[in-house]
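Comments concern the structure below.
The values are calculated or read from the model by the stated rules, or taken from the named source; none is laboratory data. These figures come from a predicted structure and were not determined experimentally. Positions of Cβ are generated from backbone atoms using ideal geometry, with glycine treated the same way; all protein chains shown enter the neighbour counts. Remember, those area values only see protein heavy atoms, side chains included, never the ligands or the DNA or RNA. Shrake-Rupley method; radii C 1.70, N 1.55, O 1.52, S 1.80 Å.
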Amino acid sequence: MLDVDDFKSINDTYGHLVGDEALKKISEILKKNVRDKDFVIRYAGDEFIILLGEIDVNLAKIIGGRIIKEAGKFLLRKEGKKIKITVSGGLAIYPQDGAEPEELIERADQALYFSKDRGKNKLSLAYEIGRAHV
């Protein structure tokens, strides 16, 4: 699960058209950095779920890290200003983090907010943070 950092602030400061442009660019980055058989889904306002099928945790971490790095390189331009866009992520692995979709989403969301609480622009793994930290 990924979330655009400080998205509300982008919308409030620069307007919804700029926020929409940021979401479109993040979508492009996500699609460019996953395999053809993977799924990128806009889950909520500025959240995305990426389903990586038949993949080990190490490759999932590489893909997640690459997405966060690529998103961090992107700058929106508005009225001569450069607006840096970053994303935070949470990674949950089936079946160790949950056997049901709802449980995996919950654990990925917890890991996502763990990333945000620790400075944003990073990826956290649900099994590494443990249930006691959320």
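Quick one: compute the contact order of the stretch 48-107, relative version, from alpha carbon pairs under 8 angstrom and 6+ residues apart, as a percent.
Numbers: 42 pairs, mean separation 12.9, N = 60.
Rounded, it is 21 percent for the stretch 48-107.
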Label point distance in nm, Val57-Asp20, each placed 7 Å from Cα along Cα→Cβ: 4.1
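Please check the chain for the longest run free of GluC sites (Glu not before Pro) that are loop-located per DSSP (anything but H, G, I, E, B) and have at most 14 other Cβ atoms within 10 Å.
Formally, the longest exposed-site-free interval is 80-134.
Counting pairs of alpha carbon atoms under 8 Å apart in space and at least six apart in sequence, what relative contact order in percent does the chain give? Intermediate results must be reported in sequence, preceding the final value.
Working: 204 pairs, mean separation 33.0, N = 134.
Result for the chain is 25 percent.
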Other-chain or far-sequence residues with amide H under 5 Å of Ile85's (modelled H): Phe74, Leu76
Accessible area of Lys122 in the full protein assembly, 1.4 Å probe (Å², nearest 10): 80
Inter-label distance for Arg118 and Thr13, nm, one decimal - labels placed 7 Å from Cα along Cα-to-Cβ: 2.5
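What does the helix-only formula give at 222 nm for the chain: each DSSP H stretch with n ≥ 4 adding -39500 (n - 2.57), the total divided by the residues, and the result rounded to the nearest 500 deg cm²/dmol? Write out the running numbers ahead of the final one.
Values: 5 runs with 63 residues, N = 134.
Result for the chain: -15000 deg cm²/dmol, rounded to the nearest 500.
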Debye equation applied to the C-alpha atoms of the stretch 1-127, log10 I(q)/I(0) at 0.12, 0.20 Å⁻¹: -0.42, -1.12
Calculated FRET efficiency for the pair Glu100/Tyr43, C-beta based, R₀ 22 Å, to 0.05: 0.85
